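In what follows, a structure is listed as structure tokens, so that the remarks can point back to it.
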Amino acid sequence: MSTYLDKIVADHRELAQSDSRKTDDLRSCALDMGPCLGFRSALLGGGVSIIAEIKRRSPSKGDLNSQLDPQAQAKEYELYGASCISVLTDETYFGGSIEDLRLVRKSVRIPVLRKDFTVCANDVLDARINGADAILLIASALSQQELADLHGLAREVGLDALVEIHDEEELHRAKAVGANLIGVNQRNLFTFEVDSIKAVKMAELFGPGVVKVCESGISSPEQIQAISKAGYEAALIGEMLVTSMDPGHTLSELLRAGQGEL
């Protein structure tokens, strides 16, 4: 059965094939840059850290906040305690851009994730060159060799890599490439429905040494409390924040829940 991910990834692979830039040139540029901020280490402050997302729209929900100002939103996230920021840079399906990444990087002092559909080496290197401290690698979108190669390249140029999984088999694949930062996406790729306890159910499968991130489906402080009890170090929150009338207050409530203060 085809999923929305198949179409998006196919489009990104087509773009990658049309990219005439030399990977070696981009690698040299990436290696000449200063050190990244530690994305993974920023999530280890105790309780549940929040990766707050810059996101204008989604394939399943349409427009979420079409007028979102990435700089203003990022500054508010930082002010109210986000540990890191995720920036959607896919233009066609999520309304983002690489310029959003550059603007956010200039606006805050906390680590930034380029969240996109990474399918080739140039995608990784573009993230590094344009200011990201981490990239997203979606296990469902990549062969095992691609996952290993892109994860290795990210580490080579100083990026952390958040490997996104959906089930136990993908968790094994992530761990096989040495991933130490893994996110459980609770959204079903076939139905778009969210299983809000999937992350909790998978928590005991991770083993030691992995920073665990819950992705998708967080819509209340109580859910943050649940993943905290399950041992998650972080949650990536997008829709709840970008649709909030007061994202700073919403973020504060989530952080309080993650610290066990509610």
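Values quoted throughout were computed directly from the atomic coordinates according to the rules given, and no laboratory measurement underlies them. Predicted model only: the values in this text are computed from it and were never measured. FYI the Cβ positions are ideal-geometry reconstructions off the backbone, even for glycines, and counts take in every protein chain you see.
Go through the stretch 209-227 and give me each residue that's assigned to a strand (DSSP E or B) and either surrounded by fewer than 22 Cβ atoms within 10 Å (Cβ to Cβ) or of a type outside the set (Asp, Glu) (or both). Of everything in the stretch 209-227, those that are assigned to a strand (DSSP E or B) and either surrounded by fewer than 22 Cβ atoms within 10 Å (Cβ to Cβ) or of a type outside the set (Asp, Glu) (or both) turn out to be VAL211, LYS212, VAL213, CYS214. Within the set SER244, SER140, the sole residue that is outside any strand (DSSP E or B) and in contact with a strand residue (DSSP E or B) (Cβ under 9 Å, 6 or more places away or on another chain) turns out to be SER140.
Restricting the search to the stretch 154-193, which residues are in a helix (DSSP H, G or I), of a type in the set (A, V, I, L, M, F, W, C) and either out of contact with any Ser or Thr (no Cβ under 9 Å at 6 or more places or on another chain) or over 16 Å from ASP116 (Cα atoms) (or both)?
Once the filter is applied, which keeps residues that are in a helix (DSSP H, G or I), of a type in the set (A, V, I, L, M, F, W, C) and either out of contact with any Ser or Thr (no Cβ under 9 Å at 6 or more places or on another chain) or over 16 Å from ASP116 (Cα atoms) (or both), the stretch 154-193 yields LEU171, ALA174, ALA176.
The residue list VAL177, VAL184, VAL194 contains one member that is surrounded by fewer than 17 Cβ atoms within 10 Å (Cβ to Cβ), among the hydrophobic types (A, V, I, L, M, F, W, C) and either touching a His at 6+ places or on another chain (Cβ under 8 Å) or closer than 26 Å to SER66 by Cβ (or both), which is VAL194.
When SER41 is tested against (1) under 16 Å from the mean Cα position of the chain (by Cα); (2) surrounded by fewer than 17 Cβ atoms within 10 Å (Cβ to Cβ); (3) in a loop (DSSP other than H, G, I, E, B), just one condition goes unmet, and that condition is (3). Scanning the stretch 84-133 for residues that are within 13 Å of the chain's Cα centre (by Cα) and either more than 24 Å from GLU233 (Cβ to Cβ) or not hydrophobic (A, V, I, L, M, F, W, C) (or both) gives SER86, THR89, ASP90, PRO111, ARG114, LYS115, ASP116, PHE117, THR118, ASP133.
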